[in-house]
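The values are calculated or read from the model by the stated rules, or taken from the named source; none is laboratory data. Everything numeric here is computed off the predicted structure, so don't read it as measured data. For neighbour counting, all protein chains shown are included, and Cβ atoms are generated from backbone atoms with ideal geometry for every residue, glycine included.
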Amino acid sequence: MKLTLGYTRTGREVLLPTSRSPVPENFINWTRGDHIDAERILREHGEREQDPETNSWCKRWAKAHRELRKSAQRVKIRGATEISIKVRGPR
(Lines give C-alpha, C1' and ligand atoms only; values in the text may rest on other atoms or scores of the structure.)
Protein backbone atom coordinates (compact mmCIF):
# COMPACT_ATOMS: atom_id res chain seq x y z
CA MET A 1 0.00 0.00 0.00
CA LYS A 2 1.37 3.41 -1.00
CA LEU A 3 0.46 6.49 1.02
CA THR A 4 1.12 9.83 -0.65
CA LEU A 5 2.31 12.46 1.80
CA GLY A 6 2.38 15.29 -0.74
CA TYR A 7 3.61 16.46 -4.12
CA THR A 8 6.71 18.33 -5.26
CA ARG A 9 6.51 21.52 -7.30
CA THR A 10 6.77 19.48 -10.53
CA GLY A 11 4.04 17.07 -9.45
CA ARG A 12 6.10 14.13 -8.25
CA GLU A 13 4.57 12.07 -5.46
CA VAL A 14 6.33 11.96 -2.09
CA LEU A 15 5.40 8.62 -0.57
CA LEU A 16 5.46 7.42 3.00
CA PRO A 17 8.75 5.49 3.37
CA THR A 18 8.26 1.72 3.27
CA SER A 19 11.91 0.85 3.89
CA ARG A 20 14.70 2.10 6.09
CA SER A 21 16.72 3.85 3.37
CA PRO A 22 15.79 5.13 -0.10
CA VAL A 23 17.37 3.89 -3.30
CA PRO A 24 19.02 6.94 -4.94
CA GLU A 25 18.47 5.47 -8.42
CA ASN A 26 14.72 6.05 -7.96
CA PHE A 27 15.32 9.80 -7.96
CA ILE A 28 17.56 10.22 -11.02
CA ASN A 29 15.25 12.60 -12.91
CA TRP A 30 14.30 14.67 -9.88
CA THR A 31 15.23 18.34 -9.88
CA ARG A 32 16.84 20.22 -7.02
CA GLY A 33 13.43 21.75 -6.25
CA ASP A 34 11.85 18.30 -6.07
CA HIS A 35 14.40 17.25 -3.46
CA ILE A 36 13.82 20.44 -1.45
CA ASP A 37 10.06 19.81 -1.43
CA ALA A 38 10.44 16.11 -0.59
CA GLU A 39 12.81 16.90 2.27
CA ARG A 40 10.35 19.39 3.74
CA ILE A 41 7.34 17.09 3.34
CA LEU A 42 9.13 14.12 4.92
CA ARG A 43 10.59 16.16 7.76
CA GLU A 44 7.20 17.66 8.63
CA HIS A 45 5.48 14.28 8.47
CA GLY A 46 8.19 12.73 10.65
CA GLU A 47 7.66 15.41 13.29
CA ARG A 48 3.95 14.53 13.50
CA GLU A 49 4.36 10.74 13.24
CA GLN A 50 3.59 8.76 16.40
CA ASP A 51 5.20 5.48 15.29
CA PRO A 52 8.93 5.63 16.19
CA GLU A 53 9.98 3.45 13.23
CA THR A 54 8.13 5.56 10.66
CA ASN A 55 9.39 8.73 12.35
CA SER A 56 12.97 7.46 12.00
CA TRP A 57 12.45 6.47 8.37
CA CYS A 58 10.98 9.87 7.46
CA LYS A 59 13.97 11.64 9.03
CA ARG A 60 16.40 9.32 7.22
CA TRP A 61 14.66 9.86 3.87
CA ALA A 62 14.58 13.65 4.41
CA LYS A 63 18.33 13.59 5.03
CA ALA A 64 18.83 11.50 1.86
CA HIS A 65 16.89 14.07 -0.17
CA ARG A 66 19.05 16.84 1.32
CA GLU A 67 22.18 14.99 0.13
CA LEU A 68 20.66 14.32 -3.30
CA ARG A 69 19.74 18.01 -3.56
CA LYS A 70 23.34 18.99 -2.92
CA SER A 71 24.66 16.55 -5.52
CA ALA A 72 22.07 17.75 -8.08
CA GLN A 73 23.25 21.31 -7.54
CA ARG A 74 26.91 20.40 -8.08
CA VAL A 75 26.14 18.69 -11.39
CA LYS A 76 24.24 21.72 -12.71
CA ILE A 77 27.07 24.10 -11.83
CA ARG A 78 29.57 21.85 -13.60
CA GLY A 79 27.29 21.57 -16.63
CA ALA A 80 26.84 25.34 -16.87
CA THR A 81 30.59 25.85 -16.73
CA GLU A 82 31.14 23.33 -19.52
CA ILE A 83 28.51 25.05 -21.67
CA SER A 84 30.07 28.49 -21.18
CA ILE A 85 33.47 27.10 -22.17
CA LYS A 86 32.06 25.55 -25.34
CA VAL A 87 30.17 28.73 -26.30
CA ARG A 88 33.16 31.01 -25.86
CA GLY A 89 35.56 28.58 -27.41
CA PRO A 90 39.22 28.11 -26.59
CA ARG A 91 41.28 31.18 -25.85
message: Just the residues that are under 12 Å from the mean Cα position of the chain (by Cα) and surrounded by fewer than 16 Cβ atoms within 10 Å (Cβ to Cβ), please, taken from segment 41-53.
response: none
statement: Expected single match for modelled with pLDDT under 90 and surrounded by 11 or more Cβ atoms within 10 Å (Cβ to Cβ) among SER21, SER56 is SER21
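So which of ARG60, ARG66 is in a helix (DSSP H, G or I) and within 15 Å of LEU15 (Cβ to Cβ)?
Answer to the selection: ARG60.
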task: Kindly provide the set of residues from segment 9-18 that are over 13 Å from ARG60 (Cα atoms) and surrounded by 19 or more Cβ atoms within 10 Å (Cβ to Cβ), ordered by number.
output: VAL14
Test: residue in segment 50-68 that is touching a helix residue (DSSP H, G or I) at 6+ places or on another chain (Cβ under 6 Å) and over 18 Å from TYR7 (Cα atoms): yes
query: Taking segment 24-59, which residues are without any contact (Cβ under 8 Å) to a residue 40 or more places away in the chain and among the polar types (S, T, N, Q)?
result: ASN26, ASN29, GLN50, THR54, ASN55, SER56
- prompt: List pairs: first in segment 1-23 and basic (Lys, Arg), second part of a strand (DSSP E or B), Cβ under 9 Å, 6+ apart or cross-chain?
  reply: LYS2/GLU13; LYS2/LEU15
- prompt: For residues in segment 6-44 being among the β-branched types (Val, Ile, Thr) and part of a helix (DSSP H, G or I), which is farthest from ASN55 (Cα to Cα)?
  reply: ILE36
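One residue is enough: does segment 62-82 have a residue meeting the conditions at pLDDT 85 or above, surrounded by fewer than 19 Cβ atoms within 10 Å (Cβ to Cβ) and in contact with a Cys (Cβ under 9 Å, 6 or more places away or on another chain)? Break it down stepwise before answering.
Going residue by residue through segment 62-82, those that are at pLDDT 85 or above are 62-69.
Of the ones still in play, those that are also surrounded by fewer than 19 Cβ atoms within 10 Å (Cβ to Cβ) are 63, 66-67.
Now narrow it down to the ones that are in contact with a Cys (Cβ under 9 Å, 6 or more places away or on another chain): none.
For segment 62-82, residues at pLDDT 85 or above, surrounded by fewer than 19 Cβ atoms within 10 Å (Cβ to Cβ) and in contact with a Cys (Cβ under 9 Å, 6 or more places away or on another chain): absent.
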